[in-house]
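The values are calculated or read from the model by the stated rules, or taken from the named source; none is laboratory data. All of these numbers come straight from a predicted model, not from anything done at the bench. For neighbour counting, all protein chains shown are included, and Cβ atoms are generated from backbone atoms with ideal geometry for every residue, glycine included.
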Amino acid sequence: MAAKEGRPGPLDGVRVIDFTNVVAGPYAAMILADQGADVIKIEGPRRRDFARGAGEGASQLNSVFLNNNRNKRSLSVDATTDAGREILLRLAATADVFVQNYRPGVMTRLGIDEPAVRAASPKIVYVSMSGFGETGPFAHKPVYDPLIQALSGLTTVQAGSDDARPKLIRTILPDKLTGMTAAQAISSALLARERTGEGQHVRLSMLDSVVAFMWSSDMGEQTFLDREVSAQAAATIIDLIYDTKTGYITISTMTNDQWAGFCRAAGREDLIADPRFRSAGARHRNADERLDLIQDVLLTRTADDWLEALDAEGVPCAPVLTRSQAVEHPQLQASGILVESEHAHAGRLRQARNAAVFEGAPMRIRHGAPLLGEHTAEVLRELGYAESQVEGFVEAGVVSVTRDQADHDP
């Protein structure tokens, strides 16, 4: 995938200033970068992205940073200085999008909030990503993914009921979901600007992103205002991961045809017309009994035997894989979701491309995640600064540059 050429991505020609850190903001900006945008990542010479020190791998180029910052250029500039602020505002005048994910008030103190940036670039799309939103009692609190899972009610969804001990989803879903929401919103704002000629301020929070995400399937009791809300009870005593003789599988018997297919594969045709299970409503009312029966049956044969038999009957089913098994599965191999590339400093990498494939414009890894300040001089020259000015900024600590590979260690 990375080696294929084609026409430029759909966001070719769009410049994005990525003034974000950790995962939510960088992931949003990387989606845009993968779709062709020129994304310039901003970090301070001394206060770099926290993600550079997290995850698997050495120093700056660990797995978390690599997997959320490819196809970006790095400008390392101290936004707390007058000269650094001037550089950022000059850069903003050339940009289409400015994305930041700091707590409310931080950008105002730095002098690069929405009004200041808009004065430099009237048609810019300015995006403010926050944890809890810009108003309310939690607005100025620091935030991490588990806090959003807890406050949104997501941990009780994962637990299975309001009475069970809450559980975290063991991936940073709020961070990544917020990043995807931001990328979609930015594309919409750019389209609106194309039609109206006007930029706008886009605001979104991690909390709002998760609540909106949950409402499509997990907030039934909270949807109807004229009905009393009861404690959310567990739907079933087990989830849909089943044991077999040799491993785990998952299956679905939602429709009547799927239930009948399972019964035939199991040699239990007598259960097709059983009044406890012969309709979707009956199967829901007797869910615990049904799932317990399925589990008992599945223990009699191997996972491979069941997958073959269930597939032959048209019953949705799949093996339950580890992450290492998943990346080697024929379906993932066939989809081309995994791409390999050579990073100049991190070595050979395997990563997942964006899920959306644009016809004629395959995602290209133009360059891997950058070292801190790797493109500082390049970007400053594009902005019209002379070499002597660039050197002066470096000597004054306003910017930092990476001159060689050794600089990627702290």
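Here are some notes:
- Here is the figure for the stretch 151-172: residues that are among the aliphatic types (A, V, I, L, M), in contact (Cβ under 8 Å) with a residue 40 or more places away in the chain, within 16 Å of Met206 (Cα to Cα) and in a loop (DSSP other than H, G, I, E, B) total 1.
- Among residues of the stretch 95-123, those that are of a type in the set (Val, Ile, Thr) and in contact with a Phe, Trp or Tyr (Cβ under 6 Å, 6 or more places away or on another chain), counted: 1
- Filtered by the rule that a residue be surrounded by fewer than 19 Cβ atoms within 10 Å (Cβ to Cβ) and of a type in the set (Gly, Ala, Ser), the stretch 161-184 gives Ser161, Ala164.
- Some residue of the stretch 235-242 being surrounded by 13 or more Cβ atoms within 10 Å (Cβ to Cβ) and at pLDDT 95 or above: yes
- Ser187 vs. criteria more than 15 Å from the chain's Cα centre (by Cα), among the polar types (S, T, N, Q), buried (at least 17 other Cβ atoms within 10 Å of the Cβ) and assigned by TED's automatic domain parsing to the domain that holds Pro26: yes
- Any hit, the stretch 213-227, residues being among the acidic types (Asp, Glu) and modelled with pLDDT of 95 or more: no
- Test for Ala164: is it modelled with pLDDT under 95 and of a type in the set (A, V, I, L, M): yes
- Residue within the stretch 17-35 that is closer than 21 Å to Ala377 by Cα, part of a loop (DSSP other than H, G, I, E, B) and over 19 Å from the mean Cα position of the chain (by Cα) present: no
- The residue pairs whose first member lies in the stretch 245-260 and is without any contact (Cβ under 8 Å) to a residue 60 or more places away in the chain, whose second member is part of a helix (DSSP H, G or I), and whose beta carbons are closer than 6 Å, counting only pairs six or more residues apart or on different chains, are Thr246/Ala303.
- For the stretch 74-100, residues that are under 19 Å from Val14 (Cβ atoms) and of a type outside the set (A, V, I, L, M) total 6.
- Residue-level check: of (1) surrounded by 24 or more Cβ atoms within 10 Å (Cβ to Cβ); (2) under 17 Å from Ser400 (Cβ atoms); (3) at pLDDT 95 or above; (4) out of contact with any His (no Cβ under 9 Å at 6 or more places or on another chain), Val39 misses just (2).
- Test: residue in the stretch 70-77 that is assigned by TED's automatic domain parsing to the domain that holds Val379, of a type outside the set (D, E, K, R) and free of Cβ contacts under 8 Å to residues at least 24 places away in the same chain: no
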